[in-house]
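**Q** My questions all concern the structure below.
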Amino acid sequence: MVAMTVNGKSVSVDADPETPLLYVLRNELELNGAKFGCGLGQCGACTVLVDGKAAISCLLPLAALEGRAITTLEGLGTAEAPGPVQAAFIEEQAAQCGYCIPGMIMRMAGLLAETPEPDDEEIRAALQPNLCRCGTHMRILRAARRAAG
Ligand code: FES
């Protein structure tokens with residue numbers, strides 16, 4: 001049994017300690033914001049925040065999460081009341097297929113928590129691990145700049 005906080009709520013998860021956090025979120029906790037892209041740490045679609053820092057959830061075993069605070073896309077806002085980063089991505093219509101966007105938003109949320117006013121170079125460096133197969137990078141960058149104020 002692993003006890004952690006997910007989007008501000010205490011949860012205890014009884015699963016194989018090697019289960020990746022991504023599977024715990026999607027299959028045990030019904031939080032589908034984080035996406036399965038590659039399962040190999042190569043695409044960033046599964047990005048969440050762990051103790052406020054962006055993390056690749058498909059590579060994080062449940063056993064490493066005792067006492068940690070996880071934030072997922074659902075923790076940043078709702079469809080009716082999106083958080084600031086989510087709102088910026090909506091306003092800039094950053095999504096094409098949209099599959100990568102939750103990871104991009106989480107990556108930006110992590111950057112802004114550490115660096116409230118990032119410059120272009122810092123935004124590009126932060127988003128570098130996250131892939132977009134549609135090629136909407138310019139819209140994603142505009143959304144990221146808008147989120148950064
Ligand atoms: Fe985790 Fe691709 S699904 S990095």
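**Q** Looking at this structure, is residue 83 within 16 Å of the ligand (Cβ to nearest atom) and at pLDDT 95 or above? Can you show your working first?
**A** On the way: within 16 Å of the ligand (Cβ to nearest atom): no; at pLDDT 95 or above: yes.
Considered against the rule, which asks whether it is within 16 Å of the ligand (Cβ to nearest atom) and at pLDDT 95 or above, residue 83 comes out as no.
**Q** Moving to a separate point now. Taking segment 127-142 on its own, how many of its residues are basic (Lys, Arg) and closer than 15 Å to residue 108 by Cβ? So that I can check it myself, show each step before the final result.
**A** Residues of segment 127-142 that are basic (Lys, Arg), as a first pass: 133, 139, 142.
Filter again for closer than 15 Å to residue 108 by Cβ, leaving 139, 142.
Residues that pass the stated criteria total 2.
**Q** Could you please find all residues in segment 38-60 being away from the ligand (no atom under 12 Å from the Cβ) and under 11 Å from residue 72 (Cα atoms)? Walk me through it before giving the result.
**A** Looking only at segment 38-60, we keep the residues that are away from the ligand (no atom under 12 Å from the Cβ), and these are 49-53.
Once the filter is applied, which keeps residues that are away from the ligand (no atom under 12 Å from the Cβ) and under 11 Å from residue 72 (Cα atoms), segment 38-60 yields 49, 50, 52.
To keep it simple, each residue is scored yes or no on (1) within 12 Å of the chain's Cα centre (by Cα); (2) outside the structural domain of residue 142 (by TED's automatic domain parsing).
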site: 59; (1), (2): no, yes
site: 66; (1), (2): no, yes
site: 79; (1), (2): no, yes
site: 94; (1), (2): no, no
site: 115; (1), (2): no, no
site: 122; (1), (2): no, no
site: 127; (1), (2): yes, no
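**Q** Considering only residues that are touching a residue at least 40 places away in the same chain (Cβ under 8 Å) and out of contact with any strand residue (DSSP E or B) (no Cβ under 6 Å at 6 or more places or on another chain), look in segment 23-37 and name the one that is farthest from the ligand (Cβ to nearest atom).
**A** 31
**Q** Follow-up question, since we're still on this one. Quick test for you: out of 117, 18, pick the one residue that is touching a strand residue (DSSP E or B) at 6+ places or on another chain (Cβ under 8 Å) and assigned to a loop (DSSP other than H, G, I, E, B). Working first, answer last.
**A** On the way: 117 fails: touching a strand residue (DSSP E or B) at 6+ places or on another chain (Cβ under 8 Å).
The match here is 18.
**Q** Please verify whether segment 131-138 includes one or more residues that are of a type in the set (D, E, K, R), out of contact with any helix residue (DSSP H, G or I) (no Cβ under 9 Å at 6 or more places or on another chain) and either loosely packed, with under 15 Cβ neighbours inside 10 Å or not in a helix (DSSP H, G or I) (or both).
**A** Yes: one or more hits.
**Q** Go through (1) within 15 Å of the ligand (Cβ to nearest atom); (2) over 16 Å from the mean Cα position of the chain (by Cα); (3) among the hydroxyl-bearing types (Ser, Thr, Tyr) one by one and return the number of the condition residue 10 breaks.
**A** (1)
**Q** What are the residues in segment 55-84 that are among the hydrophobic types (A, V, I, L, M, F, W, C), outside any helix (DSSP H, G or I) and surrounded by fewer than 24 Cβ atoms within 10 Å (Cβ to Cβ), if any? Show your work before the answer.
**A** Of the residues in segment 55-84, the ones among the hydrophobic types (A, V, I, L, M, F, W, C) are 55-56, 58-60, 62-65, 69-70, 73, 76, 79, 81.
Right, trim to outside any helix (DSSP H, G or I) and you get 55-56, 60, 69-70, 79, 81.
Result: 55, 60, 69, 79, 81.
**Q** Test each condition in (1) touching a Ser or Thr at 6+ places or on another chain (Cβ under 7 Å); (2) under 21 Å from residue 126 (Cβ atoms) for residue 31 and report the one that comes out false.
**A** For residue 31, the exception is condition (2).
The values are calculated or read from the model by the stated rules, or taken from the named source; none is laboratory data. Quick caveat, the model's predicted, so the values are computed rather than measured. Don't worry about glycine lacking a Cβ; one is built from the backbone with ideal geometry, like all the others, and counts go over all protein chains shown.
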